[in-house]
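> One structure is given below, represented as structure tokens, and several questions about it will come after.
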Amino acid sequence: MDSKNLCIVIFCGQPKLVLQLDRQPHEALHQRIAINYTFSGLSRTETQKYILSRFKASGRREPPIEESAYELIYTTTGGIPRKINKLMTMALLLGFKEKQSILTPDIFLKSNDEDTLKIP
């Protein structure tokens, strides 16, 4: 057998993937994993920068968010981009529904409740 690496495979997934690979049937595959990295989320500052970058990419210089709401966004989402995106989408929809031009911590609290946006 050649000792060359003819193929490199990158696995990406939720934490459950690591648990699955740790199981006995996948031991041979698990032994061949050279690098294992677990993303733990963005910091509070990185979360705010992430939100700013998303608004800038959409053409808006400053996000319509009260400064005090960033801490709530961070604690609610744990800095996980997927969760930040979902919370931001819900907050923007709720802000529009309630005719709010600035998103307050209260809007984010309400947005975290799935029933808030139900249409009567």
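The values are calculated or read from the model by the stated rules, or taken from the named source; none is laboratory data. No experiment lies behind these values; they were computed from the predicted model shown. Using ideal geometry, Cβ is built from the backbone for each residue, glycine included, and neighbour counts are taken over all protein chains shown.
> What are the residues in the stretch 27-62 that are in contact (Cβ under 8 Å) with a residue 24 or more places away in the chain and either among the basic types (Lys, Arg) or at positive phi (or both), if any?
Once the filter is applied, which keeps residues that are in contact (Cβ under 8 Å) with a residue 24 or more places away in the chain and either among the basic types (Lys, Arg) or at positive phi (or both), the stretch 27-62 yields GLY41, ARG44, ARG54.
> Let me ask you something else. Considering only residues of the stretch 64-116 that are in contact with a strand residue (DSSP E or B) (Cβ under 8 Å, 6 or more places away or on another chain) and of a type outside the set (Val, Ile, Thr), which is nearest to ARG44 (Cα to Cα)?
Top of the filtered list is ALA69.
> Examine the stretch 100-112 for a residue that is within 18 Å of the chain's Cα centre (by Cα), small (Gly, Ala, Ser) and on the phi > 0 side of the Ramachandran plot, and state whether such a residue exists.
no
> Which ones in the stretch 15-57 are of a type in the set (Ser, Thr, Tyr) and at pLDDT 85 or above?
Within the stretch 15-57, SER40, SER43, THR45, THR47, TYR50, SER53 meet the criteria.
Residue by residue, here is whether (1) aliphatic (A, V, I, L, M); (2) in a loop (DSSP other than H, G, I, E, B) holds:
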{"position": "LEU42", "(1), (2)": "yes, yes"}
{"position": "THR75", "(1), (2)": "no, no"}
{"position": "GLY79", "(1), (2)": "no, yes"}
{"position": "ALA91", "(1), (2)": "yes, no"}
{"position": "GLN100", "(1), (2)": "no, yes"}
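> Follow-up question, since we're still on this one. Out of all the residues in the stretch 16-36, which are of a type in the set (A, V, I, L, M), under 23 Å from the mean Cα position of the chain (by Cα) and in a helix (DSSP H, G or I)?
Selection gives LEU17, VAL18, LEU19.
> Which of the residues belonging to the stretch 53-78 are aliphatic (A, V, I, L, M) and surrounded by 16 or more Cβ atoms within 10 Å (Cβ to Cβ)?
Within the stretch 53-78, ILE65, ALA69, LEU72, ILE73 meet the criteria.
> Can I ask one more? Testing GLU71 on (1) closer than 19 Å to ILE107 by Cα; (2) among the charged types (D, E, K, R); (3) assigned to a loop (DSSP other than H, G, I, E, B), one condition comes back false. Which one is that?
Only one criterion in (1) closer than 19 Å to ILE107 by Cα; (2) among the charged types (D, E, K, R); (3) assigned to a loop (DSSP other than H, G, I, E, B) is unmet by GLU71, namely (3).
> Could you check how many residues of the stretch 27-63 are within 24 Å of THR76 (Cα to Cα) and in contact with a Leu (Cβ under 7 Å, 6 or more places away or on another chain)?
Looking only at that region, the number is 2.
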